[in-house]
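The values are calculated or read from the model by the stated rules, or taken from the named source; none is laboratory data. Nothing here was measured: the structure is a model prediction, and the numbers come from that model. With ideal geometry, Cβ positions are generated from the backbone for all residues, glycine too; neighbour counts draw on all protein chains shown. Ligands, DNA and RNA are excluded from the accessible area calculation, which covers all protein heavy atoms including side chains. Shrake-Rupley method; radii C 1.70, N 1.55, O 1.52, S 1.80 Å.
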Amino acid sequence: MSVRFEPIVGRYMHLDLFGRPHRVYVEEAGEGTPLLCLHTAGSDGRQYRGLMNDIRVTRNHRVIAFDMPWHGKSSPPAGWHEEEYQLTSAQYTAMVLEISGALGLDRPILIGCSIGGRIALHLALEHPERFRAIIGLQAGAHVDPYYDLNFLHRADVHGGEVCGAIVSGLVGPDAPDNERWETLWHYMQGGPGVFKGDLYFYKLDGDIRDRVAQIDTRRCPLFLLSGEYDYSCTPEETLAVANSIPGCEATIMKGLGHFPMSEDPQAFLAHLLPVLEKIAGR
Amino acid sequence: MIEALQRRVNDDEGLVRRGRYLTTSFLLEVGATPWLISIFEGRIVSVTPGPFVMPSSSFALRASEAEWKKFWSRRPPPGSNDLMALIKRRALKAEGNLQIFMSHLRYFKEALGKLREGAAA
């Protein structure tokens with residue numbers, strides 16, 4: 001019997017975040033320029049499996065994705081059962097910088113999707129010196145809530161069912177069936193209230209509309225890639241951000257939705273590889 | 001066309017199985033035309049066109065004819081491809097006891113998707 005192993009390796013990292021010990025799961029593949037990947041709300045680092053399994057990316061990049069605390073194979077901190085999970089801009093910023101530092105990454109390229117795309121904008125503004133370049137996927141400055149977020153965490157609504165169902169329409173229409181359903185499975189596996197807690201950052205605390213134009217792309221190049229079928233972070237919202245930042249490059253990816261790297265890795269790579277080439281050439 | 005919902009949903013064993021704990025009636029409004037749809041344990045038992053005098057339902061989904069037409073087209077354009085997309089654009093109003101709608105959201109999305117042009121029965 002022959003088996004095949006992917007080049008992805010995973011490890012657990014112990015570090016203090018927000019003054020408390022945390023156990024964080026980190027996966028990586030490849031060698032070269034570090035490419036630090038941030039997953040979407042309510043999901044985990046598995047969303048980047050397409051990048052980590054593609055030699056065109058990994059021959060020149062050390063691709064790293066961590067599961068945020070409470071997500072994927074990372075644990076919530078001790079005492080989690082006594083509190084309500086709620087992600088803030090300050091925590092998210094500190095988490096990315098701390099984990100990047102703990103991994104010894106020298107000015108990584110940062111790529112983040114959705115909430116990861118939003119925090120990428122925060123980091124481009126506040127810590128441009130820490131990154132070689134920033135790539136925001138589905139990165140808008142703000143999203144108004146468009147459903148009652150309480151439905152994501154109540155005992156009479158199954159969390160996994162509702163989280164998967166809420167985001168199902170955000171996958172583009174051309175996504176291969178297996179990638180579509182794996183993307184949704186990650187949502188269905190989230191812990192109770194975690195997606196809702198992430199959306200506190202995405203829809204309330206992380207609004208960066210009044211500051212986003214201050215991003216200086218001379219200090220850190222900024223690229224935005226957004227899927228045409230995303231009604232959460234729409235192409236219009238992405239272009240509004242891009243148009244307000246001199247030097248920012250934006251691409252609307254036809255047929256793709258809110259989870260480009262996960263819902264259709266091959267279609268997404270056709271857009272990402274030229275961006276990585278551009279960054280390498282700078 | 002809305003009448004086709006009953007057969008198309010009931011012919012999909014997987015969908016009926018997923019809805020086996022769902023028993024409710026809801027109003028589907030297509031412009032000025034209301035439809036009362038009754039579901040028993042995941043199976044659609046009746047699709048009744050209005051007008052009604054005092055329809056009883058757990059919740060209502062209301063959108064214009066043009067919006068439903070786009071939603072039910074073979075390849076809906078961005079912004080019309082999903083019930084939540086319509087809700088975000090304020091093109092679809094979901095009103096009433098939405099606990100039932102949200103706790104079976106995948107069922108309702110897939111059931112109403114059955115009316116899409118070219119959708120498998």
Fill in: Positions within the stretch A:31-40 being over 13 Å from the mean Cα position of the chain (by Cα), surrounded by 22 or more Cβ atoms within 10 Å (Cβ to Cβ) and either part of a helix (DSSP H, G or I) or of a type in the set (S, T, N, Q) (or both), in sequence order
none
Fill in: Considering residues of the stretch A:133-158 that are surrounded by 19 or more Cβ atoms within 10 Å (Cβ to Cβ), within 14 Å of chain B (Cβ to nearest Cβ) and in contact (Cβ under 8 Å) with a residue 40 or more places away in the chain only, the residue farthest from the chain's Cα centre (by Cα)
A:H153
Item to complete: Within the stretch A:266-277, count every residue that is closer than 25 Å to A:G42 by Cα and open to solvent by 10 Å² or more (accessible area, probe 1.4 Å).
Response: 3
Worksheet item: Are there any pairs, at least 6 apart or on different chains, whose C-beta atoms fall under 8 Å, with the first in the stretch B:49-74 and farther than 24 Å from B:R89 by Cα and the second part of a strand (DSSP E or B) and among the aromatic types (F, W, Y), and if so, which?
Response: B:P49/B:W35; B:G50/B:W35; B:S57/B:F26
Item to complete: Determine whether the stretch A:174-181 contains at least one residue that is touching a residue at least 60 places away in the same chain (Cβ under 8 Å), buried (at least 17 other Cβ atoms within 10 Å of the Cβ), small (G, A, S) and within 14 Å of chain B (Cβ to nearest Cβ).
Response: yes
Discussion item. For the list (1) crowded, with 21+ Cβ neighbours inside 10 Å; (2) more than 14 Å from chain B (Cβ to nearest Cβ); (3) touching a helix residue (DSSP H, G or I) at 6+ places or on another chain (Cβ under 6 Å); (4) over 17 Å from A:H142 (Cβ atoms), I need the number of the one condition that A:L184 fails.
Written reply: (2)
Discussion item. When you scan the stretch A:160-169, do you find a residue that is within 28 Å of A:R49 (Cα to Cα), assigned to a loop (DSSP other than H, G, I, E, B) and within 14 Å of chain B (Cβ to nearest Cβ), even just one?
Written reply: no
Discussion item. Which residue is surrounded by the most Cβ atoms within 10 Å (Cβ to Cβ), if the candidates are limited to the stretch A:203-243 and must be within 14 Å of another protein chain (Cβ to nearest Cβ) and hydroxyl-bearing (S, T, Y)?
Written reply: A:S226
Worksheet item: Within the stretch A:30-79, which residues are touching a strand residue (DSSP E or B) at 6+ places or on another chain (Cβ under 9 Å) and of a type in the set (A, V, I, L, M)?
Response: A:L35, A:L36, A:L38, A:L51, A:M52, A:V57, A:V63, A:I64, A:A65, A:M68, A:A78
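Restricting to the stretch A:118-132, name every residue that is closer than 19 Å to A:L276 by Cβ and either of a type in the set (D, E, K, R) or surrounded by fewer than 23 Cβ atoms within 10 Å (Cβ to Cβ) (or both).
At the first step, the residues of the stretch A:118-132 found to be closer than 19 Å to A:L276 by Cβ are A:120, A:123-124, A:128, A:130-132.
Passing the criteria: A:P128, A:R130, A:R132.
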Worksheet item: What number of residues in the stretch B:107-121 are part of a helix (DSSP H, G or I) and either charged (D, E, K, R) or facing chain A (nearest Cβ under 7 Å) (or both)?
Response: 2
Worksheet item: Can you find even one residue in the stretch B:81-92 that is more than 20 Å from A:L184 (Cα to Cα), polar (S, T, N, Q) and open to solvent by 20 Å² or more (accessible area, probe 1.4 Å)?
Response: no
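How about the stretch A:41-66: which of its residues are over 15 Å from A:M95 (Cβ atoms), under 18 Å from the mean Cα position of the chain (by Cα) and of a type outside the set (A, V, I, L, M, F, W, C)? Explain how you work it out, then say what you get.
Step one: list which residues in the stretch A:41-66 are over 15 Å from A:M95 (Cβ atoms), which gives A:42-43, A:46-63.
Narrowing further to those that are under 18 Å from the mean Cα position of the chain (by Cα): A:42-43, A:46-53, A:57, A:61-63.
Selection gives A:G42, A:S43, A:R46, A:Q47, A:Y48, A:R49, A:G50, A:N53, A:H61, A:R62.
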Worksheet, complete the sentence: Here, strands (runs of 3 or more DSSP E) confined to the stretch B:1-106 with at least 1 residues that are among the hydrophobic types (A, V, I, L, M, F, W, C) and within 14 Å of chain A (Cβ to nearest Cβ) are B:59-63, B:92-96
Discussion item. Take the conditions closer than 16 Å to A:T33 by Cα and outside any loop (DSSP other than H, G, I, E, B) and apply them to A:L125. Does it pass?
Written reply: no
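Tell me the helices (runs of 4 or more DSSP H) entirely within the stretch A:196-282 that contain at least 2 residues that are at pLDDT 95 or above, in contact with a Lys or Arg (Cβ under 8 Å, 6 or more places away or on another chain) and farther than 20 Å from A:Y146 by Cα.
Values: elements: A:235-244, A:260-263, A:265-280.
The helices (runs of 4 or more DSSP H) meeting that bar are A:260-263, A:265-280.
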